[in-house]
Each structure stands twice: as structure tokens, then as C-alpha cells.
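I have placed the structure first, in the form of C-alpha cells, so that the comments after it can refer back to it.
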Amino acid sequence: MLSPEKNERLTRVGPGTAMGELLRRYWWPIATHDMVGRMPVKRRLLGEDLVLFRDAGGQLGLLAERCPHRRASLALGCTEQTGLRCGYHGWLFDAAGRCLEQPGEPADSTFKDRIRATAYRVQELGGLVFAYLGPDTPQQPAPLLPRYDLFVMADCWRDIAHAELPCNFLQIMENSVDPYHVEWLHGRYGSFLKELAGEPPLPVVTKKHIKVAFEVFEHGILKRRVLDGQTEDDEDWKTGHPLVFPHMLRVGAAGLATFQIRVPIDDTHTWHVWYQTYAPGGPVPQQPEIPVYTVPLHDEHGSWLRDYVDGQDIVAWVTQGDIADRSQEHLGRSDLGVIALRRLFAEQMDRVADGQDPICTYRDPAANVQIDLPMEKEKFGSAREFRQIWLTESSIRYSPIRDQVLELFGDTLPGPTPASRGATAALLRSSRPR
Ligand code: FES
Ligand SMILES: [Fe+2]
């Protein structure tokens, strides 16, 4: 249980808040590669309204949405050879925020030299566009964009799924240090839905947790578990997998690996990105580009989709409230990971307030060629069964390349039939959590 004040401190992400200042020390995905082009697009990150564009010269730019002249939206602008021209009166801004032209002002005016649009750094990596909204001066330079392994590694295919969720980012991150939910939310509840729809229960996720542990380490929190029938010699305990601070879970097995990236749009909305990689071992044919797709949240009747693992996670996060009221919760021993994560956030907010870099900020290019993260290859005691679940029961089920991925791995998966899917959907309509 937290006081309302502590809950506010952990969940408010806007400028000037303690969490907002911490999160501004990191690079955040702000768009997928297909979203950015000559037409400027509105994006919102950490409570700030922004406009992202690529000018005709190829330069990416990210500016505060409101034009410094008379506050019109720069999303109503034209990209030019250099920069973005406001659609209202034609003031032209480059990607650094300099005002290059003010067509309505006298030719000899120096007024433009005293005007700046708020501009932020943007950089592309692995099919995502990343933005940095924090301190960026010679005294306090921006850190490097971390080159985490899944963004840069060779010999794999990738796809990127995404969805906008109506809740605060922290309750989603807390789920990543909450191993017990797997056997209950996905194991029991997920199998309950399948049972009523006449489908077999999900394999492996029903296994009971005998022991869990959380270790704060250089990349965040390493999560370990021993499941029923396992020992500490199994990879789920020996290797585990990480919550990458402050915003990602790395999860997968058997050549599948996913970053679940939780991007705070504002206090009550999170852009969830599933960054998937498929590496069967050895060279794979080159992808022409990384496919991007959205994950549906509701069925045609407006009910939350709950007939698969990610849908069950989403509905659990969202029904905790737009910002979970932690003054009303009751934590037990099974919540030690959640407590560890809140403590880590609190410590890192204090570091930033003291003028120090928080963990997971990179400034040495030699240490940032490829940041390899630990993750078990053999998961839940059965890598192949885990892969089967991941390909049928995760957001990958919506991937436009799912069938090719099956071929890549040489897998044939039974999966639910269309008829039983219909039965599940009908069942879910009968109870609609809000
Ligand atoms: S409001 Fe943008 S140029 Fe006038
Ligand atoms: Fe889950």
C-alpha cells in the first residue's frame, strides 16, 4: 500500500514531476518507421504534444506542436527541403528549432533570430524512431541511444506490433515483475475461457510457481522462477529474464524474443510496443522492411479481447484503473517484485534529483555497440511448447508474417479453429469488464 502522495510521485510523467524528470533521462520510441514521412504527424510523449516529420532533405525533426508565432498546430505544416513551415503564416523551422523564415516580417527584420521552437533529438534504430526529451546542453549532454540486442542483432526477422492503452505505464511495468500472474491470469483464467469455449487448456503456463527471485542488476531487475517439476539448475532460475529499466520487458525463448516496450504517452495512456525478433539459428533471408501492425483491443461488440495471453494482460492492466490507486491495495509476499521495482524507481528519481545519471544511461560508444541482455533459451521447462504459445497466444497472432515465421522455424501449430474462436468471442460478450 502506498500513500496517495507516493502514488502520485511514481505515476506522474509530465515535465517538472519527479518521475517525469527521471523518464526524461531516457530515449523513448515515439513512432514506428512507417509513421514518419513528409507529412508531419502528431505524437504525444511524457505529457508533451509534439510533431514528428522528415523534411525533403531527409532530416528527421521533432518539435513542440504549438507554433511559437500564434500557437497553431505545426502538424498543419509543410515539410520543405530544410525544416517544417507552419501552415498558418509560413514561419519556417529547422529540426534544431531555429526559425529560418518569417515571410510576413520586413526583409531586414532580425526578429526570427530571437525565436526558437522547442526541438528534441530523434534517432532511428531497428525500425523505430526514438526521441529524447531530457537535458541536452554542453554541461548536461544527452546520453547515447542504447543499442539493445534485439534492435541491432543480425540473422533474425523482426516485426513490430503496437497499441495505445488507456492506463498509466507503471502498472504495466509492475506486471513484468509479477511472475505469479502467469499461472493465474494465463494459466487458470485463460484456460477457464478456453474450457467454456470447448478448447484445451494452455500448456506450460499453468505450472505452479515454487519459488521466485528478483535481483537488481545493471540493466534493471532480473526475474527468476522455479516452477513445479523444476530445480534451480533449470534456465528459468539459472538465467531468468530481465525487466530493462525503466521501460521494457525482454521475454521469449527458443529463437523468439520480444521487447515489450511501455511508452508513457501521458499520465493515463501508454503506447505499448511489442518488438519481436525471430532467430531460428544461422542466416535468414533479408527482410525488405520490418512489418508493422496494430493489435486490436476490442471485438466487434466492444468487449475487451481476452482469448489470448496479451489480451489477458491488457485487460488486467486497464481494469486496475487509469492510474491504479495504490492507497487501496494490499501487497503480500507474492508482490516482492512489485515492491523491488517501486523502490528502484524511487532510488533513481532521487539520483536524478541529486544531479546524477540514473542506471541504464550510456555515454561510452564502445560499450554501446550491442548491449546483450540475459534471457533463458529453454523456458517453462519446454522451449518448443513456449514457442507454440508465443506464436498463437501472443500479439504475434496478428502479425502479417506469422505464417512465414512458422515456416522459418519449421513449426506447424494446431491453434484454435475459427469455430472455437467464435465460441470464445460469444462467451466474452456475456461479461464485459469496463
Ligand atoms: S501560427 Fe505559425 S506562423 Fe503563425
Ligand atoms: Fe502476462
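Would you call ALA64 within 16 Å of ligand 1 (Cβ to nearest atom), among the aliphatic types (A, V, I, L, M) and within 26 Å of MET248 (Cα to Cα)? Spell out how you get there, then give the answer.
On the way: within 16 Å of ligand 1 (Cβ to nearest atom): yes; among the aliphatic types (A, V, I, L, M): yes; within 26 Å of MET248 (Cα to Cα): yes.
Yes, satisfied.
Of the conditions (1) within 16 Å of ligand 2 (Cβ to nearest atom); (2) touching a residue at least 60 places away in the same chain (Cβ under 8 Å), ARG188 satisfies every one except a single condition; which number is it?
Evaluating ARG188 over (1) within 16 Å of ligand 2 (Cβ to nearest atom); (2) touching a residue at least 60 places away in the same chain (Cβ under 8 Å) leaves (2) as the failure.
Which members of the range 361-380 meet the condition of being in contact with a strand residue (DSSP E or B) (Cβ under 7 Å, 6 or more places away or on another chain) and farther than 15 Å from GLY255 by Cα? Spell out how you get there, then give the answer.
Taking the range 361-380 first, the residues in contact with a strand residue (DSSP E or B) (Cβ under 7 Å, 6 or more places away or on another chain) are 362-363, 365, 368, 371, 373-380.
Passing the criteria: TYR362, ARG363, PRO365, ASN368, ILE371.
Tell me whether the range 82-101 contains one or more residues that are outside the structural domain of HIS269 (by TED's automatic domain parsing), among the aromatic types (Phe, Trp, Tyr) and more than 12 Å from ligand 1 (Cβ to nearest atom).
First pass over the range 82-101, keeping only residues outside the structural domain of HIS269 (by TED's automatic domain parsing): 82-101.
Right, trim to among the aromatic types (Phe, Trp, Tyr) and you get 88, 91, 93.
Filter once more, keeping what is more than 12 Å from ligand 1 (Cβ to nearest atom): none.
There is no residue in the range 82-101 that is outside the structural domain of HIS269 (by TED's automatic domain parsing), among the aromatic types (Phe, Trp, Tyr) and more than 12 Å from ligand 1 (Cβ to nearest atom).
Looking only at the range 366-394, how many residues end up being closer than 24 Å to GLN286 by Cβ and outside any loop (DSSP other than H, G, I, E, B)?
Step one: list which residues in the range 366-394 are closer than 24 Å to GLN286 by Cβ, which gives 369-372, 387, 390-391.
Add one more test, that the residue is outside any loop (DSSP other than H, G, I, E, B), and what stays is 371, 387, 390-391.
Looking only at that region, the number is 4.
Based on what the data block shows, is GLY198 within 16 Å of ligand 2 (Cβ to nearest atom), in the same structural domain as TRP274 (by TED's automatic domain parsing), under 27 Å from ARG402 (Cβ atoms) and touching a residue at least 24 places away in the same chain (Cβ under 8 Å)? Show your work before the answer.
On the way: within 16 Å of ligand 2 (Cβ to nearest atom): no; in the same structural domain as TRP274 (by TED's automatic domain parsing): yes; under 27 Å from ARG402 (Cβ atoms): yes; touching a residue at least 24 places away in the same chain (Cβ under 8 Å): yes.
So GLY198 fails the test.
Being in a strand (DSSP E or B), at pLDDT below 95 and under 16 Å from ASP149 (Cβ atoms), is that true of even one residue in the range 220-241?
yes
Going residue by residue through the range 95-103, is there one that turns out to be surrounded by 19 or more Cβ atoms within 10 Å (Cβ to Cβ) and either of a type outside the set (A, V, I, L, M, F, W, C) or in contact (Cβ under 8 Å) with a residue 40 or more places away in the chain (or both)? Spell out the reasoning first.
As a first pass, look at the range 95-103 and keep what is surrounded by 19 or more Cβ atoms within 10 Å (Cβ to Cβ): 95, 99.
Then drop every residue that is not either of a type outside the set (A, V, I, L, M, F, W, C) or in contact (Cβ under 8 Å) with a residue 40 or more places away in the chain (or both), which leaves 95.
Yes, the conditions are met somewhere in the range 95-103.
Scanning the range 236-292 for residues that are within 20 Å of the chain's Cα centre (by Cα) and among the hydroxyl-bearing types (Ser, Thr, Tyr), which turns out surrounded by the most Cβ atoms within 10 Å (Cβ to Cβ)?
Among those residues, the one meeting the criterion is THR270.
Would you check if there is a residue in the range 171-178 being of a type outside the set (Phe, Trp, Tyr), buried (at least 19 other Cβ atoms within 10 Å of the Cβ), within 30 Å of ARG66 (Cβ to Cβ) and under 22 Å from the mean Cα position of the chain (by Cα)?
Within the range 171-178, one or more residues are of a type outside the set (Phe, Trp, Tyr), buried (at least 19 other Cβ atoms within 10 Å of the Cβ), within 30 Å of ARG66 (Cβ to Cβ) and under 22 Å from the mean Cα position of the chain (by Cα).
Condition check: in a helix (DSSP H, G or I) and surrounded by 23 or more Cβ atoms within 10 Å (Cβ to Cβ). Does LEU336 satisfy that?
Here the answer is no, as LEU336 does not meet what is asked.
Of the residues that sit in the range 339-361 and are assigned to a loop (DSSP other than H, G, I, E, B) and touching a helix residue (DSSP H, G or I) at 6+ places or on another chain (Cβ under 7 Å), which one is surrounded by the fewest Cβ atoms within 10 Å (Cβ to Cβ)?
Pass one, the range 339-361, residues assigned to a loop (DSSP other than H, G, I, E, B): 354-361.
After this cut, where a residue has to be touching a helix residue (DSSP H, G or I) at 6+ places or on another chain (Cβ under 7 Å) as well, the list is 358-359.
Working: PRO358: 21, ILE359: 17.
Per the stated criteria, the residue is ILE359.
Name, by its number, the condition in (1) polar (S, T, N, Q); (2) closer than 30 Å to LEU145 by Cβ; (3) more than 16 Å from ligand 2 (Cβ to nearest atom) that does not hold for SER382.
Every listed condition holds for SER382 apart from (2).
Can you find a residue that is small (Gly, Ala, Ser), in the same structural domain as VAL226 (by TED's automatic domain parsing) and farther than 25 Å from PRO400 by Cβ anywhere in the range 158-173?
Keep residues of the range 158-173 that are small (Gly, Ala, Ser), which gives 161, 163.
Imposing the further condition that a residue be in the same structural domain as VAL226 (by TED's automatic domain parsing) reduces the set to 161, 163.
Of the ones still in play, those that are also farther than 25 Å from PRO400 by Cβ are none.
No, the range 158-173 contains no residue that is small (Gly, Ala, Ser), in the same structural domain as VAL226 (by TED's automatic domain parsing) and farther than 25 Å from PRO400 by Cβ.
The values are calculated or read from the model by the stated rules, or taken from the named source; none is laboratory data. Keep in mind that what you see is a predicted model, and the values were worked out from it rather than measured. Every residue, glycine as well, gets a Cβ built from its backbone with ideal geometry; the counts of neighbours run over all protein chains shown.
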